[in-house]
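Read through the structure below, which is laid out as structure tokens, and then see the notes.
The values are calculated or read from the model by the stated rules, or taken from the named source; none is laboratory data. None of the values given here were measured: they were computed from a predicted structure. Here Cβ is always computed from backbone atoms with ideal geometry, including for glycine, and neighbour counts include all displayed protein chains.
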Amino acid sequence: MTQAKRLLVHLASGRSITAHDALHSLGIGRLAARIHELRNDGHDIEREMVTVNTRYGTAEVARYALVVKQKELNL
């Protein structure tokens, strides 16, 4: 399974992801590149900037999530 496919499966399960999470749980070192590939394939992925604690203080990082459209929810 490709990195992009692993990432899509993760996002499709309703979970968001940061670069740290992607590296440690999915083995993806270039998360933004995989997000770019998925967006080019037509997937709607949103980015939210969040503050995280580091050993040096705080940092702003991107958290990505798949946008689920109303019709895809089968309500």
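On the stretch given as the range 9-24, residues that are assigned to a helix (DSSP H, G or I) and in contact with a strand residue (DSSP E or B) (Cβ under 8 Å, 6 or more places away or on another chain) total 5.
For the range 4-22, a residue qualifies if it is of a type outside the set (D, E, K, R), farther than 14 Å from Arg63 by Cβ and out of contact with any Asp or Glu (no Cβ under 9 Å at 6 or more places or on another chain), and the qualifying residues are Val9, Ala12, Ser13.
Filtering the range 42-60 for residues that are part of a loop (DSSP other than H, G, I, E, B), of a type in the set (D, E, K, R), modelled with pLDDT of 95 or more and exposed (fewer than 11 other Cβ atoms within 10 Å of the Cβ) leaves a non-empty set.
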